[in-house]
Amino acid sequence: MKAINQMKMTLESRSVNESFARVAVSAFAAQHDPTVEEISDIKTAVSEAVTNCIVHAYPETVGDIYIWVGLYENGMVRVRIKDKGCGIINIKQAMEPLFTTLGGERAGLGFAVMESFMDKVRVRSTPGKGTTVTMDKLIKGRCDGQG
Amino acid sequence: MGVEILSNALRVTALLSGEIDHHTAAAIRMDIDSAISAQQPKTLRLDFTEVSFMDSSAIGLVMGRYRLLQAWGGQLEVVNLSDRNYKVMKLAGMQSLCMLKRKDEENESD
Ligand SMILES: Nc1ncnc2c1ncn2[C@@H]1O[C@H](COP(=O)(O)OP(=O)(O)OP(=O)(O)O)[C@@H](O)[C@H]1O
Ligand SMILES: [Mg+2]
């Protein structure tokens, strides 16, 4: 399947960019005429993935976060968030609710939140090379049931 | 954006506002912690009325304050959650650590 429209951006992994990232992605996805609820779902999932790049992928440094968004004919939005940071050794364990390698103020619920708000979440990672999180959501939108 | 702290003899109330993410949580946490560490209140109430966005950083904020209150046996209340944020708090199991209330549910006054 080919995207009918795409957007790419690169951001430095500074926490001040978290709100910009989620607003930019959701503004682009607005072309699919999502509901307020669907916009919030996308914002929350993007916030989780971007925060993970900042706190986990590049813990002591500032690195680049690569964001790609694709819109598809059938109303699907695909968001890909990639870093070239430390990578994840055990992806299955990382995605379990309450699992965190940081503790303290982290709940270990980022992936659980992404999975609950998006239809599909896939994670690819190579230790030492980086991580790519790809999330899909079918936008049912405001027109649902009326045409 | 941030937090306003109100306190009386028994309770500290933190009125949270704006967006709670990893970036904003740090300052919110510091303000709440300096207020409750000084006073060691019986109850800490986190009021979400004016919160327009939250991600799992808000869950971390609740969990962290719960742990801090344990030091003197204080209780935690999380109130005026939107339906959406109430669902997220439940998903995270926060109802086992504290009292969770949605907007429009009655809060005990003084
Ligand atoms: N981009 C990434 N690079 C490296 N490690 C990651 C990345 N994303 C997630 N992880 C690892 O996966 C674990 C689980 O991530 P998740 O987002 O579920 O929880 P958390 O970030 O630890 O806590 P929370 O998101 O609740 O604040 C992290 O603790 C971290 O070890
Ligand atoms: Mg996370």
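The values are calculated or read from the model by the stated rules, or taken from the named source; none is laboratory data. Please read these numbers as outputs of a predicted model, since none were measured by experiment. In this analysis, Cβ positions are derived from the backbone assuming ideal geometry, glycine residues included, and neighbour counts consider all displayed protein chains. All accessible areas refer to the heavy atoms of the entire protein, side chains included, with ligands and DNA or RNA removed. Shrake-Rupley method; radii C 1.70, N 1.55, O 1.52, S 1.80 Å.
The table that follows gives values for the structure above.
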{"quantity": "Test: residue in region B:33-49 that is open to solvent by 60 Å² or more (accessible area, probe 1.4 Å), without any contact (Cβ under 8 Å) to a residue 24 or more places away in the chain and not polar (S, T, N, Q)", "calculated": "yes"}
{"quantity": "Which numbered condition A:Ala107 fails, given (1) modelled with pLDDT of 95 or more; (2) within 16 Å of ligand 2 (Cβ to nearest atom)", "calculated": "(1)"}
{"quantity": "Residue count, region A:1-36 (criterion: among the hydrophobic types (A, V, I, L, M, F, W, C) and buried (at least 17 other Cβ atoms within 10 Å of the Cβ))", "calculated": "7"}
{"quantity": "Candidate set: region B:51-75, residues that are in contact with a strand residue (DSSP E or B) (Cβ under 8 Å, 6 or more places away or on another chain) and β-branched (Val, Ile, Thr); chosen: the one farthest from ligand 1 (Cβ to nearest atom)", "calculated": "B:Val51"}
{"quantity": "Given (1) more than 16 Å from ligand 2 (Cβ to nearest atom); (2) among the polar types (S, T, N, Q); (3) at negative phi, index of the condition B:Gln40 fails", "calculated": "(3)"}
{"quantity": "Filter pass, A:Thr10 being among the β-branched types (Val, Ile, Thr), within 14 Å of chain B (Cβ to nearest Cβ) and not in a helix (DSSP H, G or I)", "calculated": "no"}
{"quantity": "Selection count, region A:25-64, where residues are closer than 28 Å to B:Asp83 by Cβ, away from chain B (no Cβ under 12 Å) and free of Cβ contacts under 8 Å to residues at least 24 places away in the same chain", "calculated": "2"}
{"quantity": "Cβ-Cβ under 8 Å pairs, at least 6 apart or on other chains, region A:121-142 side within 11 Å of A:Ile81 (Cβ to Cβ), far side open to solvent by 20 Å² or more (accessible area, probe 1.4 Å) and aromatic (Phe, Trp, Tyr)", "calculated": "A:Val121/A:Phe111; A:Val123/A:Phe111"}
{"quantity": "Residues being over 16 Å from the mean Cα position of the chain (by Cα) and free of Cβ contacts under 8 Å to residues at least 40 places away in the same chain - total across region A:81-113", "calculated": "13"}
{"quantity": "Hey, A:Asp41 touching a Leu at 6+ places or on another chain (Cβ under 7 Å) and more than 15 Å from ligand 1 (Cβ to nearest atom) or not", "calculated": "no"}
{"quantity": "Residue within region B:51-60 that is farther than 23 Å from A:Val36 by Cβ, open to solvent by less than 20 Å² (accessible area, probe 1.4 Å) and out of contact with any His (no Cβ under 6 Å at 6 or more places or on another chain) present", "calculated": "yes"}
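To keep it simple, each residue is scored yes or no on (1) under 24 Å from B:Thr24 (Cα atoms); (2) among the hydroxyl-bearing types (Ser, Thr, Tyr); (3) near ligand 1 (Cβ under 9 Å from one of its atoms); (4) out of contact with any Asp or Glu (no Cβ under 9 Å at 6 or more places or on another chain).
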position: A:Val77; (1), (2), (3), (4): no, no, no, no
position: A:Ile88; (1), (2), (3), (4): no, no, yes, yes
position: A:Gly110; (1), (2), (3), (4): yes, no, yes, no
position: A:Met114; (1), (2), (3), (4): yes, no, yes, no
position: A:Gly130; (1), (2), (3), (4): no, no, yes, no
